[in-house]
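Input: a single structure, listed below in structure tokens.
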Amino acid sequence: MAEESGERFYPCRRQYVALAALCASNAAEAVEVLSAGYILERATGDSAARTLIASFVYVGMLLGGLVSGVLADALGRTKVLRAAMLLSTVATFAAALSPSLPMLV
């Protein structure tokens, strides 16, 4: 709309903060995927099991993206983003406190 009227769009500080939070979330998710690959290499010698677990990681990311997108449309992006960040934080702390790999899974 701003482009149609010839006006320039200037993002406010709040939008930059939201963008920074989304970039940090994306980076954290990339680290999780890299960590899964590192752990899988040491978890089992069975290549079929490693492939299956890696596939579940990506399927889970796909389904999480689809579900969170639908929920964001229904409930609002802010609520869904906060809930996703909270869930990620809780899961990260649970993984950090896990004494062994079977407890982690």
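The values are calculated or read from the model by the stated rules, or taken from the named source; none is laboratory data. Predicted model, so just to flag it, every value in this text is computed and none were measured. Cβ: placed from backbone, ideal geometry, glycine included. Neighbour counts: every protein chain shown. Only protein heavy atoms, including side chains, enter the accessible area calculation; ligands, DNA and RNA are left aside. Shrake-Rupley method; radii C 1.70, N 1.55, O 1.52, S 1.80 Å.
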All helices (runs of 4 or more DSSP H) inside the chain with 1 or more residues being among the acidic types (Asp, Glu) and open to solvent by 70 Å² or more (accessible area, probe 1.4 Å)
2-5, 13-43, 47-75
Residue pairs within 6 Å by beta carbon, gap of at least six or interchain, first lying in the stretch 77-90 and farther than 13 Å from Ala24 by Cα, second aliphatic (A, V, I, L, M), listed first then second, are Val80/Leu71; Val80/Ala72
Where the second residue is not in a helix (DSSP H, G or I) and the first is of a type in the set (A, V, I, L, M, F, W, C) and lies in the stretch 37-62, which pairs have Cβ atoms under 7 Å and are six or more apart or on separate chains?
none
